1. Once every DSSP H run of n ≥ 4 in the chain is given -39500 (n - 2.57) and the sum is divided by its residues, what mean residue ellipticity at 222 nm do you get, rounded to the nearest 500 deg cm²/dmol?
2. Given contacts defined as C-alpha pairs under 8 Å and at least six residues apart, what's the relative contact order of the chain, whole-number percent?
3. Size of the dipole of the chain about the Cα centre, Lys and Arg at +1 and Asp and Glu at -1 on the beta carbon, nothing else charged, in debye to 20?
4. Across segment 19-29, in residue order, what do the Karplus-derived ³J(HN,Hα) couplings come to in whole Hz, using 6.51 cos²θ - 1.76 cosθ + 1.60 with θ = phi - 60° and x for Gly and Pro?
5. So what are the chain's ellipsoid semi-axes, whole angstrom, largest first, if each one is the square root of 5 times an eigenvalue of the alpha-carbon gyration tensor?
6. Using each residue's phi in segment 30-46, evaluate 6.51 cos²θ - 1.76 cosθ + 1.60 at θ = phi - 60° and report the 3J(HN,Hα) Karplus result to the nearest Hz, with x for Gly and Pro.
7. Taking amide H atoms as placed 1.01 Å from N in the peptide plane, list the residues 5 or more away in sequence, or in a different chain, whose amide H sits under 5 Å from that of R7.
Amino acid sequence: MEEKKNRLLTVRQFSAEHPWPSESALRALIFDAPHNGFSPAFKRIGRRVLIDVSAFWGIVDTLNNQSRGAS
């Protein structure tokens with residue numbers, strides 16, 4: 001059985017690969033993660049924060065679908 005591993009990137013690596021969000025906007029999302037729903041996408045190891053790429057985009061999709069349903 002093949003084990004699927006989550007792809008984890010640093011803030012700089014994520015920003016280099018994805019045009020949105022900018023590095024500063026991403027850091028703001030990390031800072032406010034307990035209140036904005038992005039906590040599951042961020043893994044903290046000491047002071048370093050790693051981003052679970054699939055979890056991040058999954059949360060973006062979920063929040064987008066919620067906002068569409070609210071209108």
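Values in this text are rule-based calculations from the coordinates and carry no lab data. Just so we're clear, the structure is a prediction, and the values are computed from it rather than from any experiment. Glycine gets a Cβ as well: all are built from the backbone with ideal geometry, and neighbour counts include every protein chain shown.
1. -15500 deg cm²/dmol
2. Rounded, it is 33 percent for the chain.
3. 260 debye
4. x, 10, x, 5, 4, 5, 5, 5, 5, 5, 4
5. Ellipsoid semi-axes (Å, largest first): 20, 17, 12.
6. 5, 4, 9, 3, x, 10, 10, x, 8, 3, x, 8, 10, 10, 9, 10, x
7. Hits under the 5 Å cutoff: V53, S54.
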